Amino acid sequence: MSEKSRFEKKPRNSISADNLTFRQRLSALSNLPGFLKLVWQTNPGMTLASGILRLIRSALPLAMLYVGKLIIDEVVEISKGTPTNSHDDLWILVGIEFGLAIITDVLNRAITLIDSLLGDLFSNFTSVQIMDHAATLDLDQFEDSVFYDKMERARQQTIGRTMLLSQVMSQIQDIITMLFLAGGLIAFNPWLILLLFVAIIPSFLGESHFNDKSYALTRGQTPERRELDYIRFLGASDETAKEVKIFNLSGFITDRFKTLSGKFYKDNKKLVVGRAGWGAFFSVLGSAGYYLAYVIIILRTIEGKVSIGELTFLAGSFRQMRGLLESILTRFTSISQGAIYLNDFFEFFEIKPRIVPVLGSLPFPVPMKTGFAFENVGFRYVNSDRWANRYLNFTLHAGEKLALVGENGAGKSTLVKLLARLYDPTEGRILLDGIDLKQYDLFDLRKNMGIIFQDFLKYQMTFAQNIATGNIVEKDNRSLIEIAAQKSLADLLAKRLPDHYDQMLGKRFADGVELSGGEWQKVALARAYMKDTQLMILDEPTAALDARAEYEVFERFAELTKGKSAVLISHRFSTVRMADRILVLDKGELVEIGSHEELLDRKGRYAELFNLQAMGYR
């Protein structure tokens, strides 16, 4: 299966957003058992309580209508002067109806409360599930736009999906209530039920049609809405403010935002206007059906075939049944719509990583004996025809310091990601002590590697927490954090900060302090020293440091990693020459490898790059 098809294949229950049929709606309901299972897992007690309360609530409308009928019949008898011992029965009935009204109100509030709390818990529960699943996926999957659309739609389903639970439970509740009410109407006149359905079905079909169009519109707008969110971020963010100002980008950004948001408004306006017009028409049909039935019941009352109490009972039953049936049919559309959206949620979890632990995986060798060997390794990104790396054949010996050199885009960062098994080779293999890297325990492999990338994250957390991310299980080990800071020369920075290691970094939160690029890099470097690793990888993490500071950092790095393997990426040859060997990449392929002196003597690609940089200092 190709990389592209791996992302684009539809899961078993996937339904196209276009031209949804009634059968497809029913098919989408097959997502509900999985959804209800998630809700149950969120909080079994609340889910059960909601079901029980709704079941009780479903019987109350019939009870109230029947008690109302008895009250009216009792009042009519009393008004006729019919001999009676007292009015006690009447007031007992009024008391019963009052009690039922109170119970109804209490149950409604309890159901709303439980659904609200369950909604918050469900949103948190599913958000954690998405983050947990995302953590298992491969790095190259995050670099694919199709995957990002799937993940974004899955995220959207974590908010508001508990409304679907409320709708499903309400549907069951209303169906039970309607069955109770239908019994009385069928006994009176079965044709009223038929009239009820004829009056409501057109409205149901209309709502179904417009919900289909709404789903198609929302799904089709996913990529553009991601762009809209990104533009909103660009236009109002501390991370982008300086470039927006210096390059006067505000007009460009707002114009693009207006174009996209205007397009969304135009599309949505067309849909909601059509929906409102047809909705009004179908509502008139429903009202006509109700009043026709009302006329029939009144005529039967005038003829003396039913009592005044029965008139109110039947009219009330029909009115409530009309509302219930309308709600059931409309809610069916909403439920099936929500079930279709659930495809987006479950589809995300059907994306599986390729880089997975193998049974009987091996522990990382401590210490390494021979090191890492690349055998004809090549890697190509998803949906790309260009090879990022190819024909790589070399060995990173145990205890060796290897520097990677090449122009931007030469494949240096991709190579170290292959080494850390963030990617698996598209072709060839990587060996560790003569055994395929895939045979080693993935967690143990990364545990024994300390890596700092050039695009490291600047966490809006405390100074100590920023360092602790390099070995998060030791987040409370202040002694280890301070030692790591000393090794990276970040300890001097901590001493100057108002709250030292507890100082909040970044400007996103109150009392935060923003660091310079070089200061951030020293904090990031400390992360690499949080673990006692067998391999250290520094992917241009010192680019913001001046030449002297970078030299000091790498000199200290060389001292602290004696006897261990290391990979360095830097554009400064004064630093690169400190490595035991230098590997030169060009367009993803290895063109030279050797020590600094050996490569200069060859007068090849390395010597050319070295002399170009040296000219700048003459």
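The values are calculated or read from the model by the stated rules, or taken from the named source; none is laboratory data. As the structure is a prediction and not an experimental result, all values here were calculated from the model. Glycine gets a Cβ as well: all are built from the backbone with ideal geometry, and neighbour counts include every protein chain shown.
Just one of the listed residues (348, 394) is aromatic (Phe, Trp, Tyr) and out of contact with any helix residue (DSSP H, G or I) (no Cβ under 7 Å at 6 or more places or on another chain), namely 394.
Would you call residue 522 at pLDDT 75 or above and part of a loop (DSSP other than H, G, I, E, B)? Spelling it out, it is not the case that residue 522 is at pLDDT 75 or above and part of a loop (DSSP other than H, G, I, E, B). Looking at the range 367-382 only, could you name the residues that are surrounded by 14 or more Cβ atoms within 10 Å (Cβ to Cβ) and either farther than 17 Å from residue 586 by Cβ or under 30 Å from the mean Cα position of the chain (by Cα) (or both)? 368, 370, 371, 372, 373, 375, 379, 380, 381, 382, listed by residue number. Restricting attention to the range 111-152, the residues being free of Cβ contacts under 8 Å to residues at least 60 places away in the same chain and either among the charged types (D, E, K, R) or closer than 30 Å to residue 174 by Cα (or both) number 8. Within the range 261-281, identify whether any single residue is assigned to a loop (DSSP other than H, G, I, E, B) and loosely packed, with under 14 Cβ neighbours inside 10 Å, and answer yes or no. No, the range 261-281 contains no residue that is assigned to a loop (DSSP other than H, G, I, E, B) and loosely packed, with under 14 Cβ neighbours inside 10 Å. Of everything in the range 29-85 that is of a type outside the set (Lys, Arg) and in a loop (DSSP other than H, G, I, E, B), the residue that is modelled with the lowest pLDDT is 85. Counting only strands (runs of 3 or more DSSP E) that sit completely within the range 546-618, those holding 1 or more residues that are in contact with a strand residue (DSSP E or B) (Cβ under 7 Å, 6 or more places away or on another chain) and surrounded by fewer than 17 Cβ atoms within 10 Å (Cβ to Cβ) correspond to 589-594.
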